[in-house]
Amino acid sequence: MSKNHSVTHKACSNIALIKYWGKLPIQLPMNPSLSLTLTNSLTQTTWEVSDGEFKIDVYFEDEINKSFQNKIQSWLDKLDSRFEFLKSYTHTIKTNNTFPHSTGIASSASAFAALSKCLASLYKLETDQDLEIEDLSHLARLGSGSACRSLLTGFSHWGYESQEYASPLKNVSDKFKKLNDAILIVSTEAKKVSSSVGHELMMNHRFKDQRVKTANYNFIRLKKAIFEGDFDIFSQVVEDEAMMLHALMMTSQPNFCLLHPNSLILIEKIKDYRLKNKVEMCFTLDAGPNIHLLYTEESKVDVENFLKTECKDLLVKDIIFDYGESSF
Ligand code: DP6
């Protein structure tokens with residue numbers, strides 16, 4: 001590769017059902033995690049290289065973004081010698097999301113997954129060799145742990161078969177082949193604490209051993225529920241993980257409460273409505289106050305009714321409708 005090149009790729013965000021929370025160097029998870037890759041919430045990245053001194057300019061939504069640039073720079077520093085060739089070029093990276101920021105959709109996951117795909121294309125131009133999907137997932141992981149799961153569609157897991165990269169969850173029952181996700185935004189305030197700080201606080205957390213044990217147990221139970229099409233167990237485990245993530249933050253030192261009063265109201269409403277109407281829906285949360293309402297295709301009409309009649313007044317933005325689809 002000795003002239004100007006430009007590569008463009010897209011990658012979708014994912015929502016964790018079993019949470020990756022706590023890590024060891026370098027971005028190795030303390031426990032297995034399992035997530036659903038979304039479909040509409042994605043990042044599109046264009047990476048241009050030209051002959052010249054080594055320099056990186058990063059634009060997010062058409063504006064230069066120094067903080068993202070620093071993250072990308074430290075990601076590049078972690079790459080192995082196969083990618084030394086990058087040092088002979090000047091880089092311009094332009095990235096855009098289809099979803100708004102601070103809404104509970106992880107942008108670092110889709111961002112580093114898209115960057116890894118771009119990196120693989122540049123590597124191909126330089127060496128004429130392809131990278132395997134595991135390699136791409138590994139590269140994304142070095143940028144942001146959860147990004148390694150975004151290279152795969154549908155359900156994927158990380159830290160069970162391998163700590164290095166994510167793998168697809170196979171044998172998904174028909175009930176879970178398509179799972180819907182309505183993102184209920186109760187606040188768009190910037191995060192009070194970054195996930196990196198959250199992961200760090202787990203290192204000396206008084207409940208660390210119990211967390212790792214429970215995550216392993218929950219992982220096995222959730223996998224089984226997805227294979228068997230058991231929504232009751234699915235919702236028990238998914239909600240346990242969401243509550244535990246927040247409980248761990250509330251009991252770390254220093255402590256953080258990332259929930260909003262309306263998150264709690266919505267959680268109670270979801271549980272009440274499910275009990276009364278036998279609807280297959282449950283909630284999860286990222287490390288923030290916004291709710292991901294997960295529901296099966298069969299429950300779509302009931303859930304739409306629930307959203308219309310019970311939720312609208314508690315939200316600060318339009319609901320984002322997304323879904324994940326498994327082909328295995
Ligand atoms: C709560 O992947 O954002 O979303 O590896 O430091 O970039 P870094 O952390 P990140 O952590 C995600 C935390 C989570 C749970 C999850 O996605 O599994």
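Readers should treat all values here as calculations from the given coordinates under stated rules, not as data from a laboratory. Treat the numbers as computed from the prediction; the structure is a model and nothing was measured. Methodologically, a virtual Cβ is constructed for each residue, glycine included, from the backbone with ideal geometry; neighbour enumeration extends over all protein chains shown.
Things to note:
- Selected residue (criterion: surrounded by the fewest Cβ atoms within 10 Å (Cβ to Cβ)) from residues of region 208-236 that are within 16 Å of the ligand (Cβ to nearest atom) and not β-branched (V, I, T): N216
- Near pairs, Cβ below 7 angstrom, 6+ apart or cross-chain, from region 26-38 (free of Cβ contacts under 8 Å to residues at least 24 places away in the same chain and more than 10 Å from the ligand (Cβ to nearest atom)) to any residue that is part of a strand (DSSP E or B) and among the acidic types (D, E): none
- So M243, is it within 16 Å of the ligand (Cβ to nearest atom) and either within 21 Å of I185 (Cβ to Cβ) or buried (at least 18 other Cβ atoms within 10 Å of the Cβ) (or both): yes
- Filter pass, S116 being within 21 Å of T8 (Cβ to Cβ) and either within 16 Å of the ligand (Cβ to nearest atom) or surrounded by 24 or more Cβ atoms within 10 Å (Cβ to Cβ) (or both): yes
- Screening N96 with (1) out of contact with any Asp or Glu (no Cβ under 8 Å at 6 or more places or on another chain); (2) surrounded by fewer than 16 Cβ atoms within 10 Å (Cβ to Cβ) gives one miss only, at (1).
- Scan of region 15-25 for residues that are in a strand (DSSP E or B), in contact (Cβ under 8 Å) with a residue 60 or more places away in the chain and either buried (at least 24 other Cβ atoms within 10 Å of the Cβ) or more than 10 Å from the ligand (Cβ to nearest atom) (or both), ordered by number: I15, A16, L17, I18
- For V193, the test of being away from the ligand (no atom under 16 Å from the Cβ) and under 29 Å from F68 (Cβ atoms) is failed.
- Taking the criterion of being loosely packed, with under 15 Cβ neighbours inside 10 Å, outside any helix (DSSP H, G or I) and in contact with a Leu (Cβ under 8 Å, 6 or more places away or on another chain), the only residue of region 75-93 that qualifies is L79.
- Annotation note: Cβ proximity below 8 Å between a residue of region 246-272 that is surrounded by fewer than 17 Cβ atoms within 10 Å (Cβ to Cβ) and a residue that is not in a helix (DSSP H, G or I) (sequence gap 6+ or interchain) occurs for M250/F256; M250/C257; T251/H205; T251/R206; T251/F207; Q253/N204.
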